[in-house]
Every structure is written in C-alpha cells, then in structure tokens.
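Beneath this line is the structure, given in structure tokens, with notes to follow.
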Amino acid sequence: MLNKQIITIITVSFLWIAAAQIAFAKKPAGGGGGNHMQRGIELAQQKHFDAAAEEFTKAIEANPKDPRGYANRGTSYRQAARTAVAAGDQEGASTRYQSALADFSKFVELAPKDASAYLERGETEVELKQYDAAVNDLNKALELKPNNIMGNKFRGFAELGLSQWDKAVADFTAVIQKKPDDLQSYDRRALAYRGMKNYDAAIADYTFLLSKNPNDIEALTKRGYTYSLALQYEKAIPDYEAALKINPQDNDTFQRLQYAQSMLAKRNASPPPAASPSPTPTPEKPSLISLINPLYVGIGIVALIIIAVIVRFLTRGKAEETSNIIR
C-alpha cells in the first residue's frame, strides 16, 4: 500500500512540472537539432510525450554531446510512462521508465556537476522503487545544490520506501520550513511519524491539513486511523463518521468505524462481578481405625506371644496351690 501511495502521489504531483522540466533544457531555435528540440518541447507541452521523445531523438542525433537532449527525452519518456500507468499499461510503462533511466544516466555522464541530472535520475528511481539508488543520487543532487527543495522531497519519498522514518521526517520538515504551504509534505511527514509510532506528531500534521480543508476525506480517515493506533477510539469515531458523511460508499472507512466502535464498547463494558472465593474445606479428623498401623499390630502380637512364653516357662514345675475349700 505504501509503494502504491508513493507512485500515485508522485504521478499527481509532478505532471504539472513536465513542461517546466523540459523548458529548463530548452535550446534556442535554429538549424539542425535546434528545430527538433523546439518541436519536442512544443509536443511535450501538448502532452504528446511519445511524439516529443521522437523529436528529441532527432535532436540528439544532430548533437549527441548536448546533455539537454537526453534530459528532455528522459523527461518525455517518464511522462509517457506515468500516462501508461494511469491507463493500466504496465508493460508500456516499464519500457518507458527504463528508457528514461538510461537517458538520465547519460545526462549524468555528460553533466556530472549538474545537480539536475542526479535529481532527474533520482526521481525516476523512486518511481521504479529503486530506493537505495535514488537516495544515493538525491544525496549527490543536494550536495551540489543544498537548497534544492525537490531533492529533499524526493529523498523523503525514497526514505519512506526504505522505512527510514526518522530521515523522512527530517527531509519533509526541511521542505516545510522552506515552503510552509506544501500540504503534501505534511501528509508524508505524518506517515513517517506514524511509522515511528509518534502518533501525537502525526495527528498534529493531519489536524493542520484539516484546518486548511475540513472536508479532506484522506486526512480525516488517516487521522482516524492514527487515533485508533493510539487506542484513542473515542476520537477516531468522529473522524470516520465525518468521512462517511462525505462519501457514504467508502467501505474501508465503514469497517474501521465498526472496529473502533467495538473496541470502545469493549473498553467501556462493566467488568464482570468478582467470583466469591471457594471455602477452604475443613480437614477431617482421622478415624481410630485409620490410625492403626498393621506393622504396629504385628509387633504387638509378637510381644504378647513372647510374654506368654516367658510366663509359661517361669511357672513350669511349680505345684499348684490348692484351695481350702472342701469340695
């Protein structure tokens, strides 16, 4: 889900800068490759990205050492890839992304001191989920141009993909400090805070977004979910209910609402009465018979026999006393 969110966010966020990215490498109109460069820019601005790439190819053939041709064609390929993703053409998107990556690598080769070369390749690597490579390129872009706000932002995306939550927080915070109205960075920073289990900070960012737009369904559901993670179900429920008022068909939010309600009800349920302690049974007194040990009985019998024998031995041979009674 995280990777899908990142791709969606990047696609939506950067469609608007396609023309700007191409324009930065614009070559003055003239003979040869210049005409193809100009025509490619015009086609890209009209969102005919594949046709634009063809024109940039002709410009590159005319002047293969000009890094701007590779930068422009790479940008066109990337925009065409995003269009293919939106259309569900994953194979077409993959082919165009790889072509874009190759062009930006050539851009880096021809202009190793240009921060834009590393930024462009880093952006593409983020979209290809090549997060480690993206971080390396974006580190280089920020080394060459430390105040490059887009470098921080894209590196933050890559760090989210690597679950490097603390680093992502730092990068999105840097973006916010330079551009306080960048609402997307608040949303992404909140996700990073949530990964760190810093729920209060995440909730604060979502609350800021809702202060700008109280009907932001995503911010409502995300804040509600964060409240649930923090076990604050009584606060999660109103957020889910507000989101469902805007979109009653959102089944995921409805299920989360039910979960929060059930957990809150369980917490508020009266505890069951304590069980009465079982009385301790009084030990029975042993009976007289149970106290008679067979060994002791045997010893007693043997002792009686011995006594009887001794008595018999002592009285043997003695005259029996007679009674004076006349019979």
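The values are calculated or read from the model by the stated rules, or taken from the named source; none is laboratory data. Being a predicted model, the structure only gives us computed values, none of them experimental. Don't worry about glycine lacking a Cβ; one is built from the backbone with ideal geometry, like all the others, and counts go over all protein chains shown. Keep in mind that these areas ignore ligands, DNA and RNA; they rest on the heavy atoms of the full protein, side chains included. Shrake-Rupley method; radii C 1.70, N 1.55, O 1.52, S 1.80 Å.
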Once phi is turned into θ = phi - 60°, what whole-Hz ³J(HN,Hα) does the Karplus curve with 6.51, -1.76 and 1.60 give for every residue of the range 70-86, x standing for Gly and Pro?
5, 4, 5, 5, x, 5, 5, 4, 5, 5, 5, 5, 5, 5, 5, 4, 4
Segment N147-K266, extension gain: residue separation times 0.36 nm, minus the distance between their alpha carbons
37.7 nm
Can you list the HN-Hα couplings for the range 218-224, worked out from phi with the Karplus curve (6.51, -1.76, 1.60; θ = phi - 60°), rounded to whole Hz and with x for Gly and Pro?
4, 5, 5, 5, 5, 5, x
Taking the simple approach of a point 7 Å from Cα along Cα-to-Cβ for both A230 and K65, what is their distance in nm?
6.0 nm
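Going by the alpha-carbon gyration tensor, a ≥ b ≥ c the square roots of its eigenvalues, is the range 142-193 rounded (a/c under 1.5) or, if a/c is not under 1.5, prolate (a/b greater than b/c) versus oblate? Please list the in-between numbers first.
Numbers: a/c = 2.17, a/b = 1.17, b/c = 1.85.
Oblate.
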Which distance in nm do the two modelled labels at K47 and I306 give, with both placed 7 Å along the Cα-to-Cβ direction?
11.9 nm
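Rounded, prolate or oblate: pick one for the range 79-125, where a ≥ b ≥ c are the square roots of the eigenvalues of its C-alpha gyration tensor, a/c under 1.5 means rounded, and failing that, prolate if a/b is larger than b/c, else oblate. Spell out each step's value before the answer.
Numbers: a/c = 4.10, a/b = 2.60, b/c = 1.58.
Here the range 79-125 falls in the prolate category.
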Accessible heavy-atom area order of E120, E234, E143, highest first, probe of 1.4 Å
E143, E234, E120
Subtracting the Cα-Cα distance of K58 and N215 from 0.36 nm times their residue separation yields 51.7 nm
Taking the solvent-accessible surface of protein heavy atoms with a 1.4 Å probe, what is the per residue accessible area of the range 83-199 in Å²?
44 Å²
Enumerate the calculated ³J(HN,Hα) couplings along the range 242-254 in order (Karplus 6.51 cos²θ - 1.76 cosθ + 1.60, θ = phi - 60°), each rounded to whole Hz, writing x wherever the residue is Gly or Pro.
5, 5, 6, 5, 7, 9, x, 8, 7, 5, 4, 5, 4
